[in-house]
Amino acid sequence: MALEYLPDTDLSSKPLLCARGLYCERDDRVLFKDLNFDLSSGQIVRLAGPNGAGKSSLMRILLGLSASYEGALYWHEQDMARALYDFRSDLLYIGHDVGVKSNLTPEENLAWSCPNVTKQDIYGALKRVGLSGFEDLLTHGLSAGQQRRVALARLFLSSKELENKSLWILDEPFTAIDKHGVADLEQVIVNHAQQGGLVILTTHHDLSVPVKTIMLGQTQKASL
Amino acid sequence: MFFDSFSSFIEMGGHGLYVWACYGLAAIIVAVNFISPVLTRKKVIKDIQRQNRREQN
Amino acid sequence: MWTSLKRLYHKMGSPKWFYEISTRWSPWFLLVGSALMLTGVVWGLAFAPADYLQGNSFRIIYIHVPASLLSQSAYIMMAAAGLVGLVWKMKMSFVVAKVIAPIGASLAIMSLLTGAIWGKPTWGTWWVWDARLTSMLILLFLYFGVIAIYNAIENEEMANKAAGILAIVGSINIPIIKYSVEWWNTLHQPATITMTKKPTMAPEMFIPLLLTIIGFYCWFAVWVFARTRNELLWRERRTKWVKNLVINAPTNSGAHQ
Amino acid sequence: MNGSMKALFKRDMLLAFRSRGDLLNPLMFFLMVASLFPLAVSPDPLFLGQIAPGVIWVGALLATLLSLDLLFKSDFEDGSLEQMLLMPQPTLLMVIVKVLVHWLVAGLPLAFIAPLLGLMLGLPSGGFAPLMATLLLATPILSLLGAIGAGLTVGLRKGGMLMPLLILPLYIPVLIFASSAVQAGVLGNSYVGHMAFLGAYLALTLVVAPVATASALRISIAR
């Protein structure tokens with residue numbers, strides 16, 4: 001289990017998300033064991049490793065969607081089971097399946113996932129992801145990439161809406177997006193980290209800024 | 001003994017068929033419950049042995 | 001007190017401990033259960049007096065009633081084991097819940113078959129929508145649901161948890177189902193003879209029944225232990241204790257080595 | 001907290017009305033099942049009137065089962081369910097909202113179409129009021145209990161086949177009391193006791209079912 005630690009910029013800051021001794025196996029295969037990390041605000045963290053190494057398993061464990069692991073997780077130095085409400089209040093997650101309803105317009109989709117935003121804000125965010133003029137068309141008329149962008153528009157909402165969403169967990173956010181969009185998205189991710197947020201993502205795209213990498217899949221084949 | 005003879009015990013005053021059918025069926029279900037775990041155990045042990053041998057090779 | 005309870009909990013959660021203790025206890029349960037059954041059945045079949053109304057067909061009671069009672073309490077045990085597994089994350093408990101399901105279903109079938117056969121001389125027909133038989137049929141359906149969940153979900157952990165939830169919901173519903181079926185029955189068939197409800201039962205009829213009931217419970221324990229041990233062997237097949245145990249186990253394939 | 005639940009309610013209602021076909025299917029099924037009986041058994045109005053309460057209620061159970069597949073399936077498939085389970089609010093609130101929507105769009109219409117079936121099946125006039133009343137009171141029970149089955153089977157490919165097996169036994173008390181309430185109405189007897197039982201059963205399921213469904217969903221999502 002190799003962990004590449006990049007020098008933390010701010011050593012005094014307390015970690016946001018800690019993992020201690022994470023262990024996960026699937027189908028008699030150990031995906032990872034004794035995995036430890038401290039993630040603090042300002043970081044962009046990439047979960048990396050070959051296919052089947054357990055990236056999405058780790059992501060689901062961090063999200064609290066999977067209970068089949070051993071070890072401990074802490075959010076703001078509090079046990080995850082106790083901090084669940086805070087954790088989920090702080091979380092913005094965009095998964096592989098983005099949860100965009102094809103029978104709703106982009107505007108309605110966003111209005112549901114972010115209930116406290118104004119219409120103006122939604123329109124602004126949709127403009128940032130290049131969906132101006134599509135706001136009130138049913139989403140099933142859009143291309144797959146456009147549908148993904150409807151979900152990604154959540155990242156482009158005004159900072160006021162996002163300010164309590166300090167943790168972003170993004171599963172392959174750069175797929176099905178054009179070059180221009182990639183640069184925009186990268187910028188928004190970097191901005192979020194700089195403003196004190198924490199971004200955890202999986203991606204095959206190389207970001208132009210330094211990221212911390214959690215490398216999975218380098219364990220020996222489980223001792224069978 | 002409630003019955004006078006063995007044949008009246010079998011006959012059960014005309015209800016013999018029903019009584020013995022019930023006891024027979026119950027015996028079958030009980031037997032299945034006793035035997036099936038024994039068979040499963042043999043199979044499980046064989047499977048584990050096979051797996052161990054495969055891993056040693 | 002608390003620490004000893006905690007120690008017991010950890011012990012019970014240990015597959016190896018359960019395996020060993022159940023191996024040690026099984027013969028005793030088998031012995032006691034078989035002795036009780038033999039006594040009860042011989043007494044009930046040959047020595048107990050015939051019922052003044054139903055004649056000798058009432059002797060079916062000595063297997064029908066234990067099977068009915070046991071299949072109902074087995075469902076509750078299964079739900080309780082599922083609850084323990086869900087709340088205290090005790091895997092052993094899930095294993096026990098899983099092995100109870102087919103045993104309980106087989107007992108429900110036994111109860112239904114013997115009830116139907118008993119119905120023929122009593123009511124003149126194989127099946128009557130009697131309150132007890134109907135409740136038992138619905139209980140069998142509840143077992144079917146739980147077994148179907150185990151079969152449908154491949155991931156074992158998910159299957160155990162899902163079946164646990166279903167069993168808990170089912171066991172909350174059992175009293176309601178029983179009540180409503182009984183109520184429904186009095187509404188539609190006010191004049192049927194209930195087969196097993198006796199205000200007073202002569203002791204020479206009742207004691208053998210008691211013996212077979214306890215005997216069935218002992219056998220049930222033997223069945224649950226045996227199936228649980230099989231499950232444990234397979235789950236723990238990579239541990240040292242199972243490997244050691246399996247090497248020494250005599251099987252046909254072992255002879256060829 | 002209220003905000004996101006309101007938003008969820010609005011979204012689900014909107015989705016329901018955008019796909020009206022899905023809403024109509026169970027109703028058409030309800031209609032068809034009921035018209036099978038005169039064809040299969042006998043068109044004699046006297047006989048039909050006798051079995052009408054039971055037939056209509058069995059039809060309502062089956063129609064509800066048919067519509068339950070919609071409850072979580074599409075949200076599971078497109079990832080919305082994950083988002084819902086990650087909302088900071090307790091999952092059981094989410095479940096209650098979704099069951100409420102299901103009842104409004106799938107259970108309530110059954111109560112309003114049932115008198116039509118009563119006419120077709122020659123239900124005596126005394127049965128109409130208890131038919132409507134029991135359907136109004138007991139269809140929420142069907143939605144609540146059904147949600148447990150839908151939650152347990154949402155991740156399974158053959159979940160639609162499994163669900164009736166899990167849920168139908170739990171529906172039996174409802175079937176017994178609701179159809180005999182209608183029969184009591186036909187005979188001119190009081191059916192207050194039946195309604196009281198159904199009300200009590202509704203209260204119990206209201207407590208138990210959302211909790212069970214929420215845990216079922218958490219299990220189903222943890223692939």
Report task. Please name all residue pairs, on different chains or six or more residues apart, with Cβ atoms under 8 Å, provided the first residue is in region C:171-192 and is farther than 15 Å from C:L139 by Cβ and loosely packed, with under 15 Cβ neighbours inside 10 Å and the second residue is among the polar types (S, T, N, Q) and modelled with pLDDT of 85 or more. Result -> C:L187/D:S180
Requested in this report: Any chance you could count how many residues in region D:117-133 are in a helix (DSSP H, G or I) and either in contact with a Leu (Cβ under 8 Å, 6 or more places away or on another chain) or within 14 Å of another protein chain (Cβ to nearest Cβ) (or both)?
Outcome: 4
**Report entry** Tally, over region A:55-75, of residues that are hydrophobic (A, V, I, L, M, F, W, C) and without any contact (Cβ under 8 Å) to a residue 40 or more places away in the chain
**Finding:** 3
Query - Selection from region C:235-252 of residues that are within 21 Å of A:D27 (Cα to Cα) and either assigned to a loop (DSSP other than H, G, I, E, B) or modelled with pLDDT of 90 or more (or both) - result: C:E236, C:R237, C:R238, C:T239
Query raised in the report: Is there a residue being within 20 Å of D:L70 (Cα to Cα) and without any contact (Cβ under 8 Å) to a residue 60 or more places away in the chain anywhere in region D:126-138?
Result: no
Query raised in the report: Counting only residues that are modelled with pLDDT of 50 or more and among the aliphatic types (A, V, I, L, M), which one in region A:1-32 is farthest from A:G197 (Cα to Cα)?
Result: A:V30
Query raised in the report: Restricting attention to region D:129-145, does a residue exist that is polar (S, T, N, Q) and modelled with pLDDT under 95?
Result: no
Query raised in the report: What single numbered condition from (1) of a type outside the set (G, A, S); (2) in contact with a His (Cβ under 6 Å, 6 or more places away or on another chain); (3) away from chain B (no Cβ under 13 Å) fails to hold for C:V87?
Result: (2)
Query raised in the report: Quick one: in region A:89-108, which of the residues that are within 16 Å of the chain's Cα centre (by Cα), of a type in the set (A, V, I, L, M) and at the interface with another protein chain (Cβ under 7 Å from one of its Cβ atoms) is farthest from A:L126 (Cα to Cα)?
Result: A:L91
Query - Matching option when the condition is free of Cβ contacts under 8 Å to residues at least 12 places away in the same chain, crowded, with 16+ Cβ neighbours inside 10 Å and not aromatic (F, W, Y), among D:Q83, D:Q89 - result: D:Q83
Query - Residue check, C:W118 of a type outside the set (S, T, N, Q) and not in a helix (DSSP H, G or I) - result: no
Report summary line: Taking region C:135-151 and the residues there that are among the β-branched types (V, I, T) and crowded, with 19+ Cβ neighbours inside 10 Å, the one that is farthest from the other protein chains (Cβ to nearest Cβ) would be C:V146
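Residue by residue, here is whether (1) under 26 Å from C:I207 (Cβ atoms); (2) within 16 Å of the chain's Cα centre (by Cα); (3) of a type outside the set (A, V, I, L, M, F, W, C) holds:
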residue: C:S68; (1), (2), (3): yes, yes, yes
residue: C:A74; (1), (2), (3): yes, yes, no
residue: C:V84; (1), (2), (3): no, no, no
residue: C:V87; (1), (2), (3): no, no, no
residue: C:M90; (1), (2), (3): no, no, no
residue: C:V99; (1), (2), (3): no, yes, no
residue: C:P102; (1), (2), (3): no, yes, yes
Query raised in the report: Residue check: is D:L8 free of Cβ contacts under 8 Å to residues at least 60 places away in the same chain, crowded, with 17+ Cβ neighbours inside 10 Å and within 14 Å of chain A (Cβ to nearest Cβ)?
Result: no
Query - Tabulated pairs, region B:30-42, first within 7 Å of another protein chain (Cβ to nearest Cβ) and among the charged types (D, E, K, R), second buried (at least 17 other Cβ atoms within 10 Å of the Cβ) and in a helix (DSSP H, G or I), C-beta under 7 angstrom, 6+ apart or interchain - result: B:R41/C:N230
Requested in this report: Could you grab me the full set of residues in region D:182-223 that are assigned to a loop (DSSP other than H, G, I, E, B) and surrounded by fewer than 16 Cβ atoms within 10 Å (Cβ to Cβ)?
Outcome: D:L187, D:G188, D:N189, D:S190, D:R223
Query raised in the report: Pairs under 6 Å by beta carbon, first residue touching a residue at least 60 places away in the same chain (Cβ under 8 Å) and farther than 19 Å from C:R59 by Cα in region C:31-42, partner of a type outside the set (S, T, Y) and part of a helix (DSSP H, G or I), six or more apart or different chains?
Result: C:V32/C:C218; C:G33/C:G215; C:G33/C:C218; C:G33/C:W219
Report summary line: With criteria (1) under 19 Å from A:I169 (Cα atoms); (2) free of Cβ contacts under 8 Å to residues at least 12 places away in the same chain; (3) within 11 Å of chain D (Cβ to nearest Cβ), A:A111 comes up short on (1)
Report summary line: Picking from A:Q146, A:Q120, the residue that is at pLDDT below 90 and in contact with a Pro (Cβ under 9 Å, 6 or more places away or on another chain) would be A:Q146
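So that you can scan it fast, the table gives a plain yes or no per residue for (1) aromatic (F, W, Y); (2) at pLDDT 95 or above:
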site: C:A46; (1), (2): no, no
site: C:D51; (1), (2): no, no
site: C:S57; (1), (2): no, no
site: C:Y62; (1), (2): yes, no
site: C:L86; (1), (2): no, no
site: C:M92; (1), (2): no, no
site: C:P121; (1), (2): no, no
site: C:W126; (1), (2): yes, no
site: C:F144; (1), (2): yes, yes
**Report entry** Residue in region D:20-27 that is within 14 Å of another protein chain (Cβ to nearest Cβ) and without any contact (Cβ under 8 Å) to a residue 24 or more places away in the chain present
**Finding:** yes
Query - Count of residues meeting criterion [aromatic (F, W, Y) and out of contact with any helix residue (DSSP H, G or I) (no Cβ under 6 Å at 6 or more places or on another chain)] in region D:74-125 - result: 2
Report summary line: Of the residues in region A:179-224, those that are closer than 19 Å to A:A53 by Cβ, at pLDDT 80 or above and of a type outside the set (S, T, N, Q) come to A:I200, A:L201, A:H204, A:H205, A:D206, A:V211, A:K212, A:I214, A:M215, A:L216
Query - Matching helices (runs of 4 or more DSSP H) fully within region D:23-87 where at least 3 residues are over 30 Å from A:N109 (Cα atoms) - result: D:45-68
Requested in this report: Tally the residues that are facing chain C (nearest Cβ under 7 Å) and either surrounded by 15 or more Cβ atoms within 10 Å (Cβ to Cβ) or within 20 Å of C:V222 (Cα to Cα) (or both), restricting the search to region B:8-29.
Outcome: 11
Query raised in the report: Condition test on A:G141, is it free of Cβ contacts under 8 Å to residues at least 12 places away in the same chain, more than 26 Å from D:V97 (Cβ to Cβ) and among the small types (G, A, S)?
Result: yes
Query raised in the report: Of the residues in region C:54-77, how many are in a helix (DSSP H, G or I) and either within 10 Å of chain B (Cβ to nearest Cβ) or within 22 Å of B:M12 (Cα to Cα) (or both)?
Result: 12
Requested in this report: Spot the failing condition for D:S179; the list is (1) part of a helix (DSSP H, G or I); (2) surrounded by fewer than 21 Cβ atoms within 10 Å (Cβ to Cβ); (3) not acidic (D, E), and only one is missed.
Outcome: (2)
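The values are calculated or read from the model by the stated rules, or taken from the named source; none is laboratory data. Because the structure is a prediction, the values reported are computed rather than measured. Every residue, glycine among them, receives a Cβ derived from its backbone with ideal geometry; neighbour counts consider all protein chains shown.
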